[in-house]
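Okay, handing you the structure first.
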Amino acid sequence: MAKLLMSGNEAIARGAWEAGVSFATGYPGTPSTEVLENLSTYEGVTAQWATNEKAAFEEGMGAALGGVRTLVTMKHVGLNVAADPFMVFPYAGTNAGFVVLVADDPGMYSSQNEQDSRYLAKVAKVPVLEPSDAAEAREMMGFAFELSERLSTPVLFRTTTRLAHTRSVVDVEARVEHERKPFEKNPRRFAIPVYAAFRRPELEAKLGQLRDFAETYEGNFIEEGDPKVGIVTHGTPYQYVKEMAPDATVLRLGMVHPLPGKMLKEFCSRFETVFVVEESEGFIQEGMASLGILNMVGKESFTNIGELSADLVGKGLGGAQVPEGFGGEVALLPRPPRVCAGCPHSGTFSALRKLRVLVTGDIGCYTLGCIPPLSAVDTTFCMGASIGNATGFMRAGEERVVAVIGDSTFLHGGLPGLLSAVYNQVPITVLILDNGTTGMTGHQDHPGTGRTLQKEPAPAVDIEGLVRAMGVEHVAVVDPWELKNMRTAVKEALAHPGPAVVIARRACVLLPEERAQDRVPFRVIEETCIQCDYCMESGCPALVMAGDYPAIREWECVGCAICAQLCPVDAIVAVEDEAGVPAGRA
Ligand SMILES: Cc1ncc(C[n+]2csc(CCOP(=O)(O)OP(=O)(O)O)c2C)c(N)n1
């Protein structure tokens, strides 16, 4: 045994490895991504990125039924994508241990919504485990696999951003190997649509067993303290409770679904009022109410919006225990998100903005196209939605609609929407922003990059050939740094009578190969500049106002020349060009 300082995600990977996980799969999404990345560095685990969360979940089901301990990872919205198999798998139950790690993001630090995934587990009738720190996360992972095998059930292991990214000291142990459990054919168990009706009561019985188990599970524990102050809590909020009410009597739930009804009732009967300190929705509180527990204060005092904090918990508990001057608002400089200098998406949007079309967007770095100064995208909802949305807008009567979607997102959830547009011959234009990576979540590989999770060579899907094979007749490939070409390509695609695809292909400037490029930076000639500010519409962070004129921070400029092409008077030139001759990219 050794002690290591680990983030929650590192500890979860470690715990899964120690528990003998042989197969791990997932799709990137903050704050879950590092679990799989870490696990891929351990011996004895086959780890891979799947195309999307549903694919990952189904791969995981196969592996667990095939007899090896399996971990599937995703962020909360990924569970929505995987919801179909997630709701059905419990009917069959697993063979070897199957754990799905779902990271929720209260506060939406990097997500499109705030979602409490515990509710989905309740619908699926699956147990939910929630650790309170990294050390417990490692240990609980091992238990999650045991529970999964003991009751032949998938287990949802829920974390949140705070736990995923906070470090604590973790005791690590050796890996325990598990023999492969042979798969025994049994249609009555595994041909669900045929036999679901028979299995439905079994699922309910299993939930009953889980309920009984919850009463004695040592992750649901009571810490005795002040006999007048009773608090029920879970996950990270447990830490805030310990900080703000160190003397209280606390029931900490490690399994939040199903709840230990008897334990909760007995606990609550000891107090006049019990505080339920819970982050996100009042999931535990609602469960307690349905058990007939009424002497509690929960969401009335602890917001369901964003993250809780020690300060908010102290205030919700009545403020009595909040130390003088504790917490308070932290003044942060407002820092709106921006594209990187030379970001290919910036070129795409600079070209698109002028075309005055309706643009449906998607999820990725290019979501920044919705806000000033890029201001080129009109809608953005969830991964893959841009293409279906574009079809819908055309069906509603819009005449020119462009869907913009990243390469990773296109392969994740864009394909069915495009196929539907082809099938129904809806003349949308789809702009695939192919920067050769999953940029937003930190450069993960995908089926189009030619590399696996371990950076081994892999077949790279030919996106151009793929869309042609789907029946798209008009396909163009352009460099988004070339604004004129970009504009022409989109115009031609819009003029095509059927669905058309433009692939804007240029690697993300933050990829190591791109960073290593030695490109000549640009500068502004003040005497020529007419202060129109068109260059600023590129959103480039290397462009700043210096007095009355824009200036380029040379050390940040990557020489993309997007700003130079936006300048109507050729006042932006390559630095080395002593004569001030325009770079002439346009
Ligand atoms: C269902 C779902 N899974 C995962 C995520 C996390 N996520 C946000 S954007 C994105 C992909 C971005 O890659 P890409 O489409 O290539 O665009 P880029 O950021 O590289 O511009 C991912 C995985 C999410 N928002 N929703």
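The values are calculated or read from the model by the stated rules, or taken from the named source; none is laboratory data. All figures in this text were calculated on a predicted structure; none of them were measured in a lab. Positions of Cβ are backbone-derived with ideal geometry, glycine not excepted, and every protein chain shown enters the neighbour counts.
Collect the residues in region 323-354 that are at pLDDT 90 or above, away from the ligand (no atom under 13 Å from the Cβ) and among the aliphatic types (A, V, I, L, M), keeping them in residue-number order.
A341, L352
It is to be established whether one or more residues within region 260-272 are at pLDDT 95 or above, of a type in the set (F, W, Y), within 24 Å of the chain's Cα centre (by Cα) and in a helix (DSSP H, G or I).
no
Another question, then. For region 498-519, check the following and say yes or no: at least one residue is hydrophobic (A, V, I, L, M, F, W, C) and over 30 Å from W49 (Cβ atoms).
No; the residues of region 498-519 include none that is hydrophobic (A, V, I, L, M, F, W, C) and over 30 Å from W49 (Cβ atoms).
If you don't mind, there's one more thing I want to ask. Considering only region 429-439, I want to know if a residue exists there that is more than 16 Å from the ligand (Cβ to nearest atom), of a type outside the set (G, A, S) and either over 20 Å from A55 (Cα atoms) or not assigned by TED's automatic domain parsing to the domain that holds W49 (or both).
yes
Testing V155 on (1) crowded, with 24+ Cβ neighbours inside 10 Å; (2) more than 10 Å from F98 (Cα to Cα), one condition comes back false. Which one is that?
Answer for V155: the failing condition is (2).
Of the numbered conditions (1) more than 16 Å from the ligand (Cβ to nearest atom); (2) in contact with a helix residue (DSSP H, G or I) (Cβ under 8 Å, 6 or more places away or on another chain), L5 satisfies every one except a single condition; which is it?
Of the numbered conditions (1) more than 16 Å from the ligand (Cβ to nearest atom); (2) in contact with a helix residue (DSSP H, G or I) (Cβ under 8 Å, 6 or more places away or on another chain), the odd one out for L5 is (2).
Okay, moving on. Which one of A403, A385, A390, A396 is among the aliphatic types (A, V, I, L, M), under 24 Å from T51 (Cα atoms) and away from the ligand (no atom under 15 Å from the Cβ)?
Just a single option satisfies the conditions, and that option is A390.
Still on this model: Tell me which strands (runs of 3 or more DSSP E) are completely within region 136-225 and hold 2 or more residues being among the aliphatic types (A, V, I, L, M) and in the same structural domain as T94 (by TED's automatic domain parsing), or say none if there are none. First the steps, then the outcome.
Numbers: elements: 155-160, 167-172, 221-223.
Result: 155-160, 167-172.
Taking the options A83, A56, name whichever one is small (G, A, S), more than 11 Å from the chain's Cα centre (by Cα), crowded, with 24+ Cβ neighbours inside 10 Å and within 13 Å of the ligand (Cβ to nearest atom).
The conditions single out A56.
Before we move on, is S40 touching a Gly at 6+ places or on another chain (Cβ under 8 Å), under 19 Å from R175 (Cα atoms) and more than 16 Å from the ligand (Cβ to nearest atom)?
no
Here is a follow-up. Across region 106-135, what is the total count of residues that are out of contact with any Asp or Glu (no Cβ under 7 Å at 6 or more places or on another chain), in contact (Cβ under 8 Å) with a residue 60 or more places away in the chain and buried (at least 20 other Cβ atoms within 10 Å of the Cβ)?
Final tally of qualifying residues: 11.
If we scan region 462-469, do we find a residue that is away from the ligand (no atom under 16 Å from the Cβ) and over 29 Å from the mean Cα position of the chain (by Cα)?
yes
Among the numbered criteria (1) in a loop (DSSP other than H, G, I, E, B); (2) at pLDDT 95 or above, which single criterion is violated by E578?
(2)
How many residues are closer than 26 Å to R162 by Cα, of a type outside the set (G, A, S) and under 34 Å from the mean Cα position of the chain (by Cα) if we restrict to region 208-237?
11
Could you tell me whether any residue of region 416-428 is in the same structural domain as V501 (by TED's automatic domain parsing), in contact with a Pro (Cβ under 6 Å, 6 or more places away or on another chain), within 16 Å of the ligand (Cβ to nearest atom) and touching a residue at least 60 places away in the same chain (Cβ under 8 Å)?
no
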